[in-house]
Amino acid sequence: MQGSSEQSVLNRSASRRSFLRGITLAAVALPVGSGLLAACVDSASPGSAPPPADPTATPHDETSDATPESTPEPDDEYAEASYGGSLRVALIDEPPTFDIHQTTTSTTAFVSWHIFEALFTWDSELHVIPELPEEYTVSHDGLVHRFELREDVQFHDGAPLTSQDVVASIKRWGRIVGLGQSLMESIDEFVIEDERTFEIHLTEPFGTLPIALARQNQGCAIYPEWAIEEAGDEDLRSLVGTGPYRFVEYQPDEHILLERFEVYIPAPGEVDGYGGTKHRFLDQLIFIAVSDEAARISGLRAGDYDYLESIGPDQAEAIEDDPGIVIELSDACCYPNLVINQRSELMSDLHIRRAVQLSLAHQPIMQAGYGDGFYRLDPSLLMQETPWHTLAGSEYYDVRDIDRAARLLQEAEYDGTPLRFMVTQAYRDLYNASVMIAQQLEDAGFAVEMQQFDWASLSERRNDPDIWDLYLTLATFRPDPIMRNLTCEAPGWWCDEEKDELLRQVQMESDFDQRLAIWEEVQQKFYEQVPRIKIGDTYPVLARSIRIQNFPETTQLQPAFWNTWVDDES
C-alpha cells in the first residue's frame, strides 16, 4: 500500500488460491501454455561464493534503448509500459552459489531463475505448465514421456537449446538432488530422437514427473551440455542459460549484474504467473547484498534500492506512510522450521528430540519474530492455500510440557552438554524467534550455545553434521508434497526406511486422494520422529519503491521481474 491513503498492512486479508485436486496422465499433446496437472526442498549441497564467471553471452548494444526485436508488442494491459532502466534489489546476503542444482537457498533461486529456465513452470494459480517444450505427451501406461522442444530457444552464447542439453541437465540434477535421485531410479533410459525431440522411458509410472522438473528451489534448471562437462557436479563455472536475462558479472560485496537477453523469444501465450510471455522491459537487474536490515530500509528510503528481499513487520509499520514506498502483505509464504541434526551424538536420541519439541510454546516464538497479524499457528507442512493441508500429527504440535520434557531428559541421561544452535541476523525475524527458542529450551533444562553466522556461512556449515545440533530456517512455500525435501540426504538427515518408501509412493502416484493419504502418513511420522519442528506460518511483508510498475502478482516462489518496468516520474 502506498502512503497513508491506503489500508494498513495490519489490516491485510490473505487471498486463497484455487487448485485442481487430481492428476491425470494423458496420451495427448499438451501445447505450451496449457495446464498440465494439479498444482501441486529444504536440503542444500555444499556451495561456496561463486567467482566472477565469463558470461559468454551474445553481444548487444549497451547504448540501445530500443524495444527488443524478439518481444511481442505489449497488449492493452501493458500499453503504459516502457523499456529501459535498471531495478536494484537488496538481498539479505550473498548467494552461496548461482548454480540452482546445488542449493535450496532462496537467494540463489531469486537471482538465478532470471538467468535459467526449466522444462516446466507455474501459472498464476500454481498449476504446472510447459516452458521449454512445444509439445509434451505421456503414453497411456505412463511409462513414456515425450518432449518436443521449441525451435526458437537459444542459450546466451547464441547456441540453440538441444535435446542433449536437456538430458545432460536432468542427469546432473539427478545425481545432486534428492528428488532428482528418486526420479533417476525410475528412469530406464533417455532416447534422443533428434536435436529437439527426446523421450524419457520409465520402469514404472512417475506420476509427478512434470512437477519434479518444474521451477523450484534446487530445481532442474537447464544448462548447456558443455557447461555441465566443464563443471561436473561442482558449482557451475559458466553461467549461461536460456532465460530472459543474462549474467554479466559478480563483484562480491558490490553487486550481481544481469542484462536483458536481447534475442530471447519467450513461450507463446499471455503472461500467466511465471509462464507465458516475458516482456523484459528492464535493461538491467542489479542484486546487492545488504545484510543489515536497517541499511536495507534506509537504502530503500534514499532510492538506492527498489525492492527488499526481506523486511520485518516492525520496520513495515515504521515506513508505511512514506509516499515513495509501497508496502504490501503477501499470502502466507513460509514457516520457521527448526532443523535438528540427527547425526549429532546428542540429537540422535529421540528422547532428546521429543524434549526439544515439548519445550517450545509456539505463539511466543512467532510473536517475538513476527508480531500480531503477521503469522498463524498451523501444523500442516503444506499450507492452507494448497489442497495438501492436513492436521495429521497435530497432537504433537505446540504442546509445551516442561515436566514431560524434564522426564525425557532424565531418561536420556542428559548431562548438560550445550545444544549448538546456529543463528543469523540476516533475517531479523528468524533471529528474534531463535532467541525466544533458546530461552524456552533453557527454561526446560537444556544448556544452549548460540553460534552466530552470516547466512551464506550458515548455509555452508549446515552440510557438516559434526559441528551443529540445531538451526532455524524458513521453509518456503511448496505447491506439492514432492517439493518438500524430507529425504535422508537433506541437512538434518532424517533417515527412516518406511518414511522413504512413503515419499517414493507420493512421487509415483498420480491420483490426488491416494497421494493425500500417503502424505498424511509422512506428516504423522514427521511429528512422531521429530526431525524438524514447524513453528507457524508467516505472512511476508513486501517493500518496494513506487518507481516499480507492474509488480508480480505471483510471488510465493520468489518474484520474477521480467514483466516489470520502472517509472522515474512516480
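General remarks:
- DSSP beta bridges in segment 334-538 [antiparallel fraction, %, rounded to 5]: 65
- Sum of side-chain charges, Glu345 neighbourhood, beta-carbon under 10 Å (Lys, Arg +1; Asp, Glu -1): -2
- Segment 140-210, relative contact order in percent, only Cα pairs under 8 angstrom and at least six apart counted: 42
- Cα convex hull of segment 219-265, projected area averaged across orientations, nm²: 4.3
- Seen from Glu234, the other residues with C-beta closer than 11 Å to its C-beta sum to a net charge of -2, counting Lys and Arg as +1 and Asp and Glu as -1.
- Reach of Lys278 by Cα under 27 Å, taken over lysines that are not fewer than 8 positions away in the same chain: none
- Distance from the C-alpha centroid of segment 373-446 to that of segment 84-114: 29 Å, rounded to the whole angstrom.
- Each Lys or Arg adds one and each Asp or Glu takes one away; over the other residues whose Cβ falls under 15 Å from the Cβ of Arg301, this sums to -4.
- Given charges at beta-carbon only (K, R positive; D, E negative), |dipole| of the chain in Debye: 1380
- Each of Lys499, Lys278 was scored by other Cβ atoms within 10 Å of its Cβ. Listed from fewest to most, they are Lys499, Lys278.
- Furthest towards positive pole of dipole, Leu377, Pro252, Ala231, structure part the chain, Cβ charges: Leu377
- Mean Cα-pair separation over length for segment 334-538, i.e. relative contact order, pairs under 8 Å, 6 or more apart, %: 40
- Whole-angstrom gap from segment 461-475 to segment 532-570, using each part's C-alpha centre: 28
- Legend: translational diffusion of the chain by Stokes-Einstein, Rh = Kirkwood radius over C-alpha pairs, 37 °C, 0.692 mPa s; D = 135 µm²/s.
- All-pairs alpha carbon distance profile, segment 447-508, 10 Å steps from 0, percent: 17, 42, 30, 10, 0
- Shape category assigned to segment 431-567 from the gyration tensor of Cα positions, a/c cut at 1.5: oblate
- Over the chain, DSSP H runs of length four or greater, each weighted -39,500 (n - 2.57), average out per residue to a 222 nm ellipticity of -7000 deg cm²/dmol.
- Additional length obtainable on full extension of the chain from Asp321 to Asp141, 0.36 nm per residue less Cα span: 59.0 nm
We did not get these values from a lab; they are worked out from the coordinates using the rules stated. Keep in mind it's a predicted model, so treat the numbers as computed, not measured. Positions of Cβ are generated from backbone atoms using ideal geometry, with glycine treated the same way; all protein chains shown enter the neighbour counts.
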